[in-house]
Amino acid sequence: MTEQVRDVLIVGAGPSGSIASAILQRAGYDVLVLERESFPRFSIGESLLPQCMKYIREAGLLPAIEAVGFQRKNGALFLHQGTYGGFDFCEQFSRGDSETFQVQRAQFDKVLADEAENIGVDIRYQHEITAIDITRANPEITCKLPDGNTGKFSARFLLDASGFGRVLPRFLNLEYPSEFPTRTAMFTHIEDNITDPNYDRNKILITIHPEYRDVWFWLIPFSDGRASIGVVAESAHFTNRQRHCTNALSDWIDDDPTLKALLGNSSWDTEVRQITGYSANVKQMAGRNYALLGNAGEFLDPIFSSGVTIAMHSASLAAGLLIKQFKGENVDWELEYAKPLSKGVDTFRAFVTAWYDGSFQDIIFHQRQSTEIRKMICSVLAGYAWDETNPYVQNPRKRLDTLSAYCKTNFSQNT
């Protein structure tokens with residue numbers, strides 16, 4: 001039996017689902033969120049960017065997040081063969097927040113969802129989508145309910161916030177392969193027991209493998225003495241390390257002497273997980289009565305922690321357009337949603353590409369850095385990838401190529 005028609009049905013209660021639902025609920029619309037899992041549940045993507053704060057604040061969810069006491073984050077550090085380079089977000093080019101959080105996503109996502117429920121959003125957990133019909137005037141979703149029975153739900157508009165579940169792309173045949181090589185991420189949470197007095201828990205640490213420049217590690221500290229640790233590499237790099245995941249990950253870490261020493265007292269008390277082929281793309285981001293949010297549409301790579309930022313930006317943008325549409329105004333979802341969203345995604349894409357071909361690494365560790373250029377790059381790393389007053393957003397690939405060429409040309413003068 002189909003329930004009453006809602007204004008908006010959102011698939012997924014992660015950050016983009018919570019942000020979009022809260023904005024729409026506060027605007028007076030009837031929102032239903034269907035989530036396959038039970039919360040809390042493990043997820044990665046723990047290092048937020050300052051741009052995220054705008055969207056959490058817009059949805060009215062920031063006080064609840066601030067009350068938890070998550071680890072503050074004010075920048076990023078990069079490490080290669082014992083040499084550090086880094087950015088403090090306070091030096092960014094764009095206006096906006098210069099600080100954010102590093103979070104255990106299980107707790108973070110639950111706080112967001114619980115607060116959305118507190119303002120009236122109807123969230124139903126353990127609802128697995130089994131069919132979608134978008135040919136109706138009001139699209140309909142069929143679900144397997146927690147008791148095993150079947151339920152049907154319809155709404156005036158669908159938002160897919162299912163993340164890596166990518167529900168609508170799978171059912172509507174919207175997926176196509178990413179242009180990025182197939183990469184694998186191996187990760188876990190640890191009791192880090194870091195005693196180095198120079199270690200800055202307010203920054204994510206990204207370590208480049210001493211031999212393979214396309215292999216890198218993340219270390220994301222939390223406020224309770226724990227941390228997220230992971231390695232990312234093309235899948236071929238894992239061929240010779242196909243032992244138990246825990247041993248493989250610790251072996252990778254042992255390759256870098258600085259990172260090995262930093263984590264020398266750590267306690268590995270959580271299962272090591274692995275995902276492969278996570279980058280994805282779609283044929284279109286929106287249709288007549290649906291739109292894809294964040295990772296449900298496109299996921300690039302974890303290197304610059306862009307996933308949650310793109311998800312929250314898309315949630316804010318889509319919610320605003322829906323409010324406009326529900327008020328009777330015409331909305332061109334390609335022109336007003338897909339194209340503006342892709343601008344920031346393409347900025348991040350250029351930086352990801354430059355990271356893996358080594359050119360952005362040359363920029364990071366160059367000894368004579370322009371203060372103004374540093375600010376522009378810092379803004380992108382802080383998530384302000386839609387600020388078109390920034391030349392590194394206007395034309396990121398060309399700017400990065402030119403800057404990298406300069407750094408390489410002048411390298412011998414700096415050593």
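Throughout, read-outs are computed from the coordinates displayed, never taken from laboratory work. Keep in mind it's a predicted model, so treat the numbers as computed, not measured. Cβ sites come from the backbone with ideal geometry, for glycine too, and all protein chains shown count toward neighbours.
Quick notes on this one:
- Coordinate range along principal axes, alpha carbons of the chain, Å, largest first: 69, 46, 40
- The spacing between the range 348-415 and the range 174-219, judged by their C-alpha centroids, is 20 Å.
- Filter on LYS54/LYS327; LYS54/LYS408; LYS73/LYS110; LYS110/LYS144; LYS110/LYS203 - keep pairs with C-alpha separation over 28 Å: LYS54/LYS408
- At least 20 Å along the helix axis (C-alpha) and Kyte average at least -0.5, DSSP helices within the chain: 306-326, 339-356
- Rel. contact order, % - alpha carbon contacts under 8 angstrom, at least six apart, the range 358-414: 48
- Scattering curve values for the range 358-414, log₁₀ I(q)/I(0), Debye with Cα scatterers, q = 0.16, 0.20 Å⁻¹: -0.46, -0.71
- With the gyration tensor restricted to C-alpha atoms of the range 225-368, the semi-axes of the equivalent ellipsoid amount to 38, 18, 15 Å, longest first.
- Farthest positive-ward along the range 1-148 dipole, Cα basis, beta-carbon charges - from GLY86, ILE10, GLY60: GLY86
- Fewest-first ordering of LYS152, LYS203 by other beta carbons within 10 Å of each residue's beta carbon gives LYS152, LYS203.
- Rounded to the nearest 20, the Cβ-based charge dipole of the range 64-210 about its Cα centre (Lys and Arg +1, Asp and Glu -1) stands at 400 debye.
- For the range 183-276, the relative contact order comes to 44 percent (Cα pairs under 8 Å, sequence separation of at least 6).
- Between GLU191 and CYS90, the simple spin-label model (points 7 angstrom out along Cα→Cβ) gives 3.4 nm.
- Residues ASP133, ASP387 arranged by fewest to most Cβ contacts within 10 Å: ASP133, ASP387
- Taking trypsin sites (Lys or Arg not before Pro) across the range 242-336, the ones in a DSSP loop with at most 16 further Cβ atoms lying within 10 angstrom of their Cβ are ARG243, LYS283, ARG288, LYS327.
- Overall dimensions of the range 272-324 by Cα: Rg and Dmax, Å: 12.9, 45
- Compactness check for the range 182-308: Cα Rg over 2.2 N^0.38 Å is 1.19.
- Summary of the geometry: the range 75-117 and the range 39-72, compared by the centres of their Cα atoms, lie 10 Å apart.
- Its relative contact order, with pairs defined as Cα atoms under 8 Å and 6+ residues apart, puts the range 156-227 at 24 percent.
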